[in-house]
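Scroll down for the structure; my scribbles are underneath it.
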Amino acid sequence: MSDAPERAPAPKFGKAVALIVALIVIVLAGVAVVVFPLLMAQSFESAEELTPENIKSFRVFVMNRKELDGGEDIGPYYAAEEDYATLLAPLKGVPEVPQFADARGPWLAEYRIQTKNGRKGTIKMYWVLPPGGRMPAGDAAKLRFQIGPHLFEGGRATSIVAVADECASRGRSAK
């Protein structure tokens, strides 16, 4: 026998700490899998879903007009509440397409919309030349836009420019 005193067994803090850490990781992973995708989801999937009374803020920015109509960029600005319906009108009734027939075209405009429930969404707009590759006199470029993964094509790109320009004087700068 040895003269060394017997040691009491060490408390099992290691297992308790590991269990607590594992529980925290499981809870955080659950939050990441369930809550974050809900917060990041597009708050609307088409222009038809948007109604002026459900919009909290509406940011408008029109760019790359030189090639389209020779004009200057418009905005960015926050639209006045009374203009929400006017700005959305050119997008209503435009059919959804499974994909664009060719390249989506130059970037024309962007609407960033926050709904009254706090959700945000973006509408990205493009324009495309008519078949033949050049703009005939008096003919307008076709409008294309995207809301989340949804693609839409139809209407005139110049209608977006016209309503954005008309509403800009009532909006407030977003710069």
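Things worth noting here:
- Nonlocal amide H pairs with Ile55, under 5 Å, H built at 1.01 Å: Lys116
- Proximity of backbone amide H atoms, modeled 1.01 Å from N, is registered between Arg156 and Leu143 at under 5 Å, excluding neighbours fewer than 5 places apart on the same chain.
- The packing ranking, built from the mean of other Cβ atoms within 10 Å per residue, places the peptides 151-157, 81-87 in the order 151-157, 81-87, highest first.
- Residues in segment 93-109 carry Karplus couplings, in order, of x, 6, x, 7, 10, x, 6, 6, 5, 8, 4, 5, x, x, 5, 10, 7 Hz; the curve used is 6.51 cos²θ - 1.76 cosθ + 1.60 with θ = phi - 60°, and Gly or Pro positions show x.
- Here the label points at Glu53 and Lys175, each 7 Å from Cα along the C-beta direction, are separated by 3.7 nm in the simple model.
- Site pair Leu28 and Asn117 shows an inter-label distance of 3.0 nm when each label is modelled 7 Å from Cα along Cα→Cβ.
- Between Ala162 and Val21, the simple spin-label model (points 7 angstrom out along Cα→Cβ) gives 6.6 nm.
Each value in this text was obtained by applying a stated rule to the coordinates, not by laboratory testing. Source: prediction; values computed, not measured. Here the Cβ is made from the backbone with ideal geometry for all residues, glycine too, and neighbour counts use every protein chain on show.
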